[in-house]
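Okay, structure first, notes after.
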Amino acid sequence: MIYISIVLSAYNHEKSILQCLDSIIAQENADMQIECIVVDDCSTDDTLGIIRRRVGGYKGNIVFRIYRHQTHHGLSRTRNTGLHRAQGYYVMFVNGVDQLRNGCIDTYMVNLMRHWDVDVIAGNVYNVCLQRNLFSTLDSALALRGKGDVICHELLRNHLYLYANNKLVRREVLTANLITFDERMEYGDIQWTFTLFSNISSVVLLPDITYEYGRRETGAIGQTLKWVNMFLASYTTTCENLLDKAPRPESSDNGYYQAHQLFVYGLLTHANRLIEEYAVNSQVRRELDSVRSRLLTQTKNDGQKSLYLFFRQENSFISSIFKNPVFRNYRRVVDDITEMLEVIVGR
């Protein structure tokens, strides 16, 4: 029985793919069957050749299967291609520019022995460029159980990393709930992660660094205006979906509603920074403005006056009372969210 499926997405990663493959091969375990499904998204460099040469000379017990798209479809389709072919009890995603830390799978397995029925295990991630972890370091493993809103609230508290990679996910959770990556979106990690954690009842967060977020040549969103517009369109769709699923304030405990709406506002704040840097097309601007208006209206109609005023802070009067401690706390949350997003997307 295949226990773990590693889905490796590759596109023009000839400078990093060999190190990525070696980091996967280093996870070999004689007592456990691992498969690695490599999907090349029609690379135009020697990525596929390097993959074939390295895998062709490999004699270990990890089963490699290689697939190639005949045309370039983007990361979401590439991940889905691998997911649809996965046979493991658990599945995890890896990008060809990243690496698994030595002992990554062993660390997961030790914790699976302690929490044998867990839906998701997530380790810490180290950003090679910034030389720091991507999310808060825990002193010890944190096991969470409860309904989806309990798990999502922890996600919004920034305990859980929004990047889709480096999560060991019980595959049945994905197949039973039809959870895949939205192929209309260039950056679907946030939506996928929220959907996943809305449909699980248990997760274990580890302090151990199990994944290295590698150096991007031009940042994850690239340098082209076309890429920026597509990326912001992904943000728009994500925000709309999050607002569709916003918790009711009267039924949310411990500030879940506020955390949810602040997260959407954080996404929009980061989008504004990209708009200021690039000549974003008018349609994308209008769509983001529409989402912002919807956030304001929804928050106001839900009776969240202080949160609504915070979202209207560009008003000079509101800015003058920004010394309000509640507003300062909101601002701290938004700053944390935007900082995290800048680390993840490379801008």
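The values are calculated or read from the model by the stated rules, or taken from the named source; none is laboratory data. For clarity, every value in this text was computed on a predicted model and none was experimentally measured. In this analysis, Cβ positions are derived from the backbone assuming ideal geometry, glycine residues included, and neighbour counts consider all displayed protein chains. Accessible surface is based on the protein model in full, side chains and every heavy atom, while ligands, DNA and RNA are left aside. Shrake-Rupley method; radii C 1.70, N 1.55, O 1.52, S 1.80 Å.
The amide H of C36, built 1.01 Å from its N in the peptide plane, has I6, V63, F64, R65 as neighbours under 5 Å, considering only residues 5 or more places off or on other chains.
Amide H to amide H distances under 5 Å link C42 with H69, where only residues 5 or more positions off or on other chains count and H is placed in the peptide plane. Springs between Cα atoms under 10 Å define the GNM used for the chain, and in it the highest mean-square fluctuation of G49, G214, G57 occurs at G57. Cross-link partners for K300 among the lysines, with Cα-Cα distance under 25 Å and sequence neighbours closer than 8 places in the same chain left out: K245, K323. Under a Gaussian network description of the chain, with springs only between Cα atoms under 10 Å, the residue in L100, L225, L295 that fluctuates furthest is L225. In terms of accessible area, using a 1.4 Å probe and ignoring ligands and nucleic acids, T238, T195 rank largest first as T195, T238. Estimated purely from DSSP H runs of n ≥ 4, each contributing -39500 (n - 2.57), the mean residue ellipticity at 222 nm for the chain is -14500 deg cm²/dmol once divided by its residues.
If only the Cβ of Lys and Arg carry +1 and only the Cβ of Asp and Glu carry -1, the dipole of the chain around its Cα centre is close to 440 debye. Within the chain, helices built from complete DSSP H runs that reach 27 Å or longer along their own axis (Cα positions) and carry a mean Kyte-Doolittle hydropathy of -0.5 or higher are 225-244, 256-277, 325-345.
Per residue, how large is the accessible surface of the chain? Use a 1.4 angstrom probe and give square angstrom.
Details: 15470 Å² over 347 residues.
Heavy-atom accessible area per residue stands at 45 Å².
What FRET efficiency would be calculated for the residue pair K245, Q131, taking the C-beta separation as r and a Förster radius of 30 Å, to the nearest 0.05? Working shown, then result.
On the way: r = 36 Å, r/R0 = 1.19.
Computed FRET efficiency for K245 and Q131 comes out at 0.25.
Using a simple spin-label model with pseudo-atoms 7 Å out from Cα toward Cβ, N329 and T224 lie 4.6 nm apart.
For the chain, which whole-number percentage of the solvent-accessible area (1.4 Å probe, protein heavy atoms only) is attributable to carbon and sulfur atoms?
48
Ordered by solvent-accessible area of protein heavy atoms (1.4 Å probe), largest first, the residues H270, H72, H115, H84 come out as H84, H72, H115, H270. Compared with the rule-of-thumb size 2.2 N^0.38 Å for a compact globular protein, region 1-118 has a Cα radius of gyration ratio of 1.03.
Which net charge results when you count Lys and Arg as +1 and Asp and Glu as -1 among the other residues whose beta-carbon is under 10 Å from that of S43? Before the final figure, lay out the partial values.
Details: positive: R68; negative: E14, D40, D41, D45, D46.
Overall, the nearby charge balance is -4.
Out of every Cα-Cα pair that the chain contains, those further apart than 39 angstrom amount to 15 percent. Restricting to DSSP loop positions (anything but H, G, I, E, B) with no more than 15 other Cβ atoms inside 10 Å of their own Cβ, which trypsin sites (Lys or Arg not before Pro) remain in region 1-92? Here the trypsin sites (Lys or Arg not before Pro) that fit, given the DSSP loop and packing criteria, are K59. The GluC sites (Glu not before Pro) of region 1-64 that meet both conditions, a loop assignment by DSSP and at most 13 other Cβ atoms within 10 Å of the site Cβ, are E28.
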